[in-house]
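S.K.: Right, I'll just put the structure down here and ask away after.
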Amino acid sequence: MGKKNRNFTIFRIFLIIFVEEKRYNGENFKRVKPLSSTKIHLTKAAFTLSAPDIRRLPADSGIEVAFAGRSNAGKSSALNTLTNQRGLARISKTPGRTQLINVFEVAEDRRLIDLPGYGFAQVPLAMKKKWQKALGEYLEKRQCLKGLVVLMDIRHPLKDLDMDLIHWAVDSDLPVLALLTKCDKLSQGKRSAEVLAVKKALSSLNADIQVQAFSSLKYTGKEQADAVICGWLEQEAEDYELPAEGDLDIPFEDE
Ligand SMILES: Nc1nc2c(ncn2[C@@H]2O[C@H](COP(=O)(O)OP(=O)(O)OP(=O)(O)O)[C@@H](O)[C@H]2O)c(=O)[nH]1
Ligand SMILES: [Mg+2]
């Protein structure tokens with residue numbers, strides 16, 4: 001092959017690689033391109049406020065991703081792990097620690113929400129009613145809620161109340177990330193089997209549900225969870241009609 005020909009061949013190879021690369025990036029870009037220009041970094045999360053009910057929350061605009069699950073499931077711990085901030089959300093060995101709706105802003109009009117846990121029997125009834133009401137009210141009325149992280153201890157997932165929550169999210173067209181927490185407590189084999197079993201159980205719902213083993217202690221599943229949550233937060237926010245004044249007053253009748 002003459003020198004001219006060889007140079008031309010090398011040039012063609014470069015051209016093909018360059019075009020392929022561009023095409024690949026183009027496709028890739030289209031697939032993962034966030035709808036909004038906001039690049040989310042969960043590490044930027046900062047505590048905004050704690051609210052006893054949704055009337056005390058920031059305006060219902062932008063996008064929120066909420067962490068929900070039974071008391072002691074590891075919601076606050078997961079928030080701290082995902083944001084790389086040990087003391088952001090309060091963690092406790094005593095179930096029922098998070099009794100308020102805690103708001104953490106990660107970017108302008110993009111928030112993470114630590115919700116009060118459900119299903120803990122040993123809490124005084126009056127208190128339980130109050131915070132279950134706040135939880136139900138939040139889930140039902142908050143229009144900027146665009147993704148729900150349902151946290152369940154990997155050793156006993158999909159309890160009745162978890163299923164109620166997941167069914168509610170599916171009916172509301174809300175995507176779900178099921179985080180199977182404390183997976184450091186199981187061997188690799190048992191962990192995989194549990195993830196599979198949960199995936200199988202939820203597959204019949206035919207909904208946007210992802211299942212991920214997670215450990216706040218060992219950072220297992222951190223990257224995967226971060227990608228899902230950031231994907232939700234990076235969407236373009238919609239404009240909502242603000243609820244009428246009286247609308248927020250009677251979310252639930254007290255028994
Ligand atoms: N081994 C292990 N323990 C964890 C993990 N995540 C949380 N825990 C422990 O589980 C307990 C409860 O964790 P929290 O994060 O406070 O749970 P929560 O869901 O926020 O609880 P409430 O606020 O009461 O609803 C604490 O003792 C944590 O240290 C984990 O990944 N591995
Ligand atoms: Mg908590």
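Derivation of every value follows stated rules applied to the coordinates shown; laboratory data play no part. Source: prediction; values computed, not measured. Using ideal geometry, Cβ is built from the backbone for each residue, glycine included, and neighbour counts are taken over all protein chains shown.
S.K.: 5 Å is the cut-off here: which amide hydrogens, built 1.01 Å from N in the peptide plane, fall below it relative to residue 72, excluding neighbours closer than 5 in sequence?
M.R.: For residue 72, the qualifying residues are 96, 97.
S.K.: List the pairs from 39/141; 141/218; 39/200; 39/185 whose alpha-carbon separation is above 31 Å, in the order I gave them.
M.R.: Violating the 31 Å limit, Cα to Cα: 141/218; 39/200; 39/185.
S.K.: Amide H of residue 210: which non-local residues (sequence gap of 5 or more, or other chain) have their own amide H closer than 5 Å, using H built in the peptide plane?
M.R.: 176, 177, 178
S.K.: Between residue 188 and residue 223, take the C-beta separation as r, use R0 = 25 Å, and let me know the FRET efficiency to the nearest 0.05.
M.R.: My answer for the efficiency is 0.90.
S.K.: Same structure, new question: Under the 0.36 nm per residue contour assumption, what length would be gained going from the current alpha-carbon distance of residue 196 and residue 129 to full extension?
M.R.: Taking 0.36 nm per residue and subtracting the Cα distance, the gain is 20.7 nm.
S.K.: Name the residues whose placed amide hydrogens come within less than 5 Å of the amide hydrogen of residue 145, ignoring near sequence neighbours (fewer than 5 apart) on the same chain.
M.R.: The list, which skips near neighbours in sequence, is 64.
S.K.: Tell me, what ³J(HN,Hα) does each residue in region 152-169 have, in order and in whole Hz, if you take phi through Karplus 6.51 cos²θ - 1.76 cosθ + 1.60 with θ = phi - 60° and put x for Gly and Pro?
M.R.: Couplings: 9, 4, 4, 7, 8, x, 6, 6, 3, 5, 5, 5, 4, 5, 5, 4, 4, 4 Hz.
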